[in-house]
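Okay, so here's the structure we're looking at.
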Amino acid sequence: MLPEFDLLRPKTVSEALGMLAEDVAMLIAGGTNVLVDLRAGKYQPKALIDIARLSGLRGIRRDNGHLLIGGGTTISDLLIDPLIAQHATALKEAASVFANPLIRNRATVGGNLADASPAADTAPPLLALDAEVELATLDGTRRVPLVDFLVGVRKTLRRPDELLIAVRFPLSSSGTVSHFQKVGLRRADAISVLSAAVAVTCDAEGRCTAARIALGALAPRPLRATAAETLLIGQKLTPAAIAEAARLAGEAARPINDIRGSADYRRQVTEVIVRRLLDKVLITEALA
Ligand SMILES: Cc1cc2nc3c(=O)[nH]c(=O)nc-3n(C[C@H](O)[C@H](O)[C@H](O)COP(=O)(O)OP(=O)(O)OC[C@H]3O[C@@H](n4cnc5c(N)ncnc54)[C@H](O)[C@@H]3O)c2cc1C
């Protein structure tokens with residue numbers, strides 16, 4: 001059963017920030033985590049601030065060489081947006097295997113990142129795209145690299161009076177190719193047993209000028225496989241380079257044994273998935 005609480009419905013983002021500053025209420029966006037946690041008795045807030053209807057928090061647009069995604073943008077929004085399709089294939093691929101259509105219509109990008117599950121499916125693609133989060137209070141806004149924002153299992157750098165208003169990542173002029181893959185116990189509506197995303201930029205000769213590889217559900221927080229990334233810089237995506245980068249990505253994983261899979265299984269499959277993702281980058285580049 002749900003505990004009793006007051007439901008506050010701000011009409012604007014600044015009204016929501018004012019309510020948040022009073023430190024008596026917690027935010028609810030799509031509610032797909034909050035309601036589960038309330039029912040489980042994890043917390044009993046006196047009031048919830050419902051930000052789901054704030055149009056100022058929702059939407060995707062270009063912003064000064066970056067793509068900006070409002071914190072209230074839903075996972076379904078990601079699937080139909082042309083800018084996401086053009087610049088963030090990995091994020092679109094993650095959205096397409098996120099939960100089920102009903103959850104995707106409610107669940108928000110801001111809620112997914114603020115909740116900070118190690119298995120949050122938007123985190124690996126956004127880490128691979130080098131995203132930052134924008135956190136607002138009544139006093140102003142700060143930007144934090146996503147890689148620093150996510151600090152542990154359901155822990156972030158967000159202060160209680162901060163609203164995650166947007167996530168943004170740079171648009172590369174030479175074209176970055178990105179892909180995502182998730183492994184679950186079934187094909188739909190599954191929590192990630194593990195996931196990975198890659199984003200690679202290559203020059204005209206096919207040498208990598210930038211490479212980012214991010215892993216989900218393989219450590220207390222989504223992480224970057226930096227040794228694998230470093231190996232790829234300046235190299236062509238040859239079978240040998242791809243195999244070595246995939247091996248290093250597997251080494252970067254710090255998985256646990258749980259009901260969804262053993263640590264050994266997770267580490268081995270990480271290597272397979274990263275190899276497949278880098279092969280896919282090569283194919284996408286060849287077809288471009
Ligand atoms: C059946 C089911 C299937 C699911 N499948 C998946 C899946 O496949 N992949 C996956 O990654 N997740 C999955 N989830 C988890 C959940 O749907 C996502 O984490 C979702 O993105 C949370 O977004 P929300 O808007 O519903 O957040 P809410 O539940 O509203 O909020 C989550 C947390 O974030 C805070 N918050 C929300 N918005 C903001 C903001 N703008 N600024 C600061 N704090 C904020 C809230 O206070 C709360 O602490 C699933 C959940 C369910 C119930």
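Things to note:
- Residue check for A88: away from the ligand (no atom under 14 Å from the Cβ), at pLDDT 95 or above and within 12 Å of the chain's Cα centre (by Cα): yes
- Candidates in region 202-222 are the residues that are crowded, with 18+ Cβ neighbours inside 10 Å and farther than 16 Å from A263 by Cα; of these, the one that is modelled with the lowest pLDDT is C202.
- The sole residue among A29, A52, A21 that is among the small types (G, A, S) and either touching a Lys or Arg at 6+ places or on another chain (Cβ under 7 Å) or farther than 21 Å from T108 by Cα (or both) is A21.
- Against the criterion of being under 17 Å from the mean Cα position of the chain (by Cα) and away from the ligand (no atom under 16 Å from the Cβ), V183 does not qualify.
To keep it simple, each residue is scored yes or no on (1) within 20 Å of L48 (Cα to Cα); (2) among the aromatic types (F, W, Y).
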| residue | (1), (2) |
| --- | --- |
| V144 | no, no |
| F149 | no, yes |
| G152 | no, no |
| T156 | yes, no |
| V167 | no, no |
| T176 | no, no |
| A190 | no, no |
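- Pairs where the first residue, in region 144-158, is in contact (Cβ under 8 Å) with a residue 40 or more places away in the chain and the second is surrounded by fewer than 18 Cβ atoms within 10 Å (Cβ to Cβ), C-beta under 8 Å, 6+ apart: V151/L157; G152/P220; V153/P220
- Count - residues of region 54-104 that are polar (S, T, N, Q), within 18 Å of P125 (Cβ to Cβ) and in a loop (DSSP other than H, G, I, E, B): 1
- Qualifying residues in region 33-65 (those that are over 18 Å from P3 (Cβ atoms) and surrounded by 17 or more Cβ atoms within 10 Å (Cβ to Cβ)) - the one farthest from the ligand (Cβ to nearest atom): I60
- Residues of region 91-144 satisfying the condition of being surrounded by fewer than 24 Cβ atoms within 10 Å (Cβ to Cβ), of a type in the set (V, I, T) and within 10 Å of the ligand (Cβ to nearest atom): V97, I103
- Residues located in region 123-170, provided they are part of a loop (DSSP other than H, G, I, E, B) and of a type in the set (D, E, K, R): D130, D139, R154, R158, R159, D161, E162
- Residues in region 48-58 that are of a type outside the set (S, T, Y) and out of contact with any helix residue (DSSP H, G or I) (no Cβ under 8 Å at 6 or more places or on another chain) were compared, and the one that is farthest from K92 (Cα to Cα) is D50.
- For F5, the conditions (1) near the ligand (Cβ under 10 Å from one of its atoms); (2) of a type in the set (A, V, I, L, M, F, W, C); (3) surrounded by 14 or more Cβ atoms within 10 Å (Cβ to Cβ); (4) farther than 30 Å from R212 by Cβ all hold with the exception of (1).
- Residue that is modelled with the lowest pLDDT [pool: residues in region 7-43 that are assigned to a loop (DSSP other than H, G, I, E, B) and out of contact with any helix residue (DSSP H, G or I) (no Cβ under 8 Å at 6 or more places or on another chain)]: D23
- When region 187-209 is filtered for residues that are within 11 Å of the ligand (Cβ to nearest atom) and assigned to a loop (DSSP other than H, G, I, E, B), the ones remaining, listed by number, are A188, D189, A190, I191, S192.
- Residue identified as more than 29 Å from G175 (Cα to Cα) and of a type in the set (D, E) among D63, D115, D81: D115
The values are calculated or read from the model by the stated rules, or taken from the named source; none is laboratory data. These figures come from a predicted structure and were not determined experimentally. All Cβ positions, even for glycine, are placed from backbone atoms using ideal geometry, and neighbour counts span all protein chains on display.
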